[in-house]
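Novice: Questions regarding the structure given below will be posed in turn.
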Amino acid sequence: MTRATRTAEYTGATTLCLYLAFELGSNEWKLGFTTEPGAQPRVRTMPARDLARLTREIADAQQWFGLKATTPVRSCYEAGRDGFWLHRYVTSLGIANVVVDSSSIEVNRRLRRAKSDALDVRKLLGMLLRYHAGERAVWSVVRVPTVEEEDRRQLHRELRTLKQERTRVANRITGLLATQGIGLPPGTDIGAAAKTVRLWDSSPVPAALRARLEREWEHAQFLRTRILELERER
């Protein structure tokens, strides 16, 4: 009796499926394959973003489980740094993929994980089976934007990044001045003030600190100009 036959008997299904869960890392990906709950999954490790290897691994898994090459494949991965390009690739192969909101995944209270920790591929695979068995509440599925929708977000994201950097620069300047007991009103031209302001003993700002303040102020002015340009484009 083949694995495929056992799966059909277990589920009562007339159409078999290969289930695939991705654990995505910067350098390596883990792939978990199965066809039924409770079965020992096939777990493979491959170089990240190697699409030719991924295609081979899927074909090898179909053969290993005794499935036809035309057997439907259902997959999932957690939303994160890799974005949606992988979703677009696997769906172009005819795979039914879901991108999962990692913060929505149920986690044992005693084993709470950091938000950035990747879920083990075996657990993710088990949850994929439950999801397709009808347990829709097992996680939240992320709506995948179109390429055009995602591209339109770039301007907003760049603006947000620049404003965050502007705040960091302003805080650095304030902190550097505070180390010398100096406080200047908001809007002060730091580049000019660094040359004229005096310390507690009426001595000038030390040369290296003055040079750093001038560089930070120059960077702040660049950020201000770029933010204004992008806001006009919006």
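Novice: Going by what's in this entry, would Glu36 be described as closer than 21 Å to Val138 by Cβ and in contact with a Ser or Thr (Cβ under 8 Å, 6 or more places away or on another chain)?
Specialist: Yes: the conditions hold for Glu36.
Novice: Has segment 48-69 got any residue that is modelled with pLDDT under 95, assigned to a helix (DSSP H, G or I) and in the same structural domain as Ser102 (by TED's automatic domain parsing)?
Specialist: No - not one qualifying residue is present in segment 48-69.
Novice: Does segment 76-94 contain any residue that is modelled with pLDDT under 95, assigned to a loop (DSSP other than H, G, I, E, B) and more than 29 Å from the chain's Cα centre (by Cα)?
Specialist: No; the residues of segment 76-94 include none that is modelled with pLDDT under 95, assigned to a loop (DSSP other than H, G, I, E, B) and more than 29 Å from the chain's Cα centre (by Cα).
Novice: From the list Gly191, Gly183, exactly one residue is buried (at least 16 other Cβ atoms within 10 Å of the Cβ), free of Cβ contacts under 8 Å to residues at least 40 places away in the same chain and at negative phi. Which is it?
Specialist: Gly191
Novice: Is there a residue in segment 194-212 that is assigned to a helix (DSSP H, G or I), at pLDDT below 95 and hydrophobic (A, V, I, L, M, F, W, C)?
Specialist: Yes - at least one qualifying residue is present in segment 194-212.
Novice: Separate question: Tell me, please, whether a residue that is closer than 30 Å to Arg234 by Cβ and either assigned to a helix (DSSP H, G or I) or modelled with pLDDT of 95 or more (or both) can be found in segment 173-182.
Specialist: yes
The values are calculated or read from the model by the stated rules, or taken from the named source; none is laboratory data. Quantities reported herein were computed from a predicted structural model and do not represent experimental measurements. Here the Cβ is made from the backbone with ideal geometry for all residues, glycine too, and neighbour counts use every protein chain on show.
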